[in-house]
1. With axes computed from alpha carbons, what is the tilt in degrees of helix B:31-55 against the longest principal axis of chain B, rounded to the nearest 10 within 0 to 90?
2. Residue by residue through A:7-18, how many Cβ atoms from other chains fall within 10 Å of the Cβ on average?
3. Could you state the orientation-averaged shadow area of the convex hull built on the Cα atoms of the protein assembly as shown, in nm² to one decimal?
4. Assigning unit charges at the beta carbon (Lys, Arg +1; Asp, Glu -1) and nothing else, what dipole magnitude in debye, to the nearest 20, does chain A show about its Cα centre?
5. Taking 22 Å as R0, compute the FRET efficiency from the Cβ-Cβ separation of B:S63 and A:K15 and round it to 0.05.
6. Could you tell me how far the Cα centroid of the stretch B:1-54 sits from the Cα centroid of the stretch A:9-64, in Å?
7. Which residue, A:Y51, A:Y21, A:Y42, has the most motion in a Gaussian network model of chain A that connects Cα atoms within less than 10 Å?
8. Given the pairs A:K20/A:K77; A:K77/B:K43; A:K6/B:K39; A:K67/B:K48; A:K77/B:K39; A:K7/B:K43, which span a C-alpha to C-alpha distance of over 25 angstrom in this model?
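Every number here is computed from the coordinates shown, using simple stated rules; none is lab data. Since this is a predicted model, take the numbers as computed values, not measurements. Note that we place each Cβ from the backbone using ideal geometry, even for glycine, and neighbour counts take in every protein chain shown.
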Amino acid sequence: MWNYEKKLQYPVKIKNPNPKYAQIIISQYGGPDGELGASLRYLSQRYTMPYAELKGLLTDIGTEVSKWHPYPSTPHKQCIFEFQKNGDI
Amino acid sequence: MNREELLRKLSSAQFAMWELHMYLDTHPTDAQAMSLYRKYEKKRNELKKEYEDRYGPLTFNASDKAAEWLENPWPWEAEGGRD
């Protein structure tokens, strides 16, 4: 179960959009060491965890990492918006 | 308090609640941590209500009007992200 709140945990503001940096950021989202994979690993590992405290902890850490998904995508969106505005893409 | 400050205060209370929540996973009988959790929960509820009264719903069910929930900006949009 997922409860969504329409806000970021911490504000994000891109001053200087940078296409190269945007590539790195998007890989932090869905790439090999990204938040998406990390959150799903925690949430999958809890199914075979025998200890109640650690079932709770894996659930909560998996949830915590899921909350970070907007962070790579928000600056990425802001970069795309800036590039579109400037006619770069 | 402006929108940004209010949002920051709300997020701070939620952050404190979340850290205590994870601590309580491995220390479930710590009564002091539990009462601290309740303290921040109360603060969160007050700040969430104040924010929603002024700036619109943070969750779908916080408003009777579905259209209000759909109003821009969303957090990944420029203005929403800057809040």
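1. Tilt relative to chain B: about 10 degrees.
2. Whole-number average of other-chain Cβ neighbours for A:7-18 is 4.
3. Dividing the Cα hull surface by four gives the mean projection, 12.2 nm².
4. Computed about the Cα centre, the dipole is about 240 debye.
5. Calculated value: 0.05.
6. First find each Cα centre; the distance between them is then 22 Å.
7. A:Y51
8. Pairs exceeding the cut-off: A:K77/B:K43; A:K77/B:K39.
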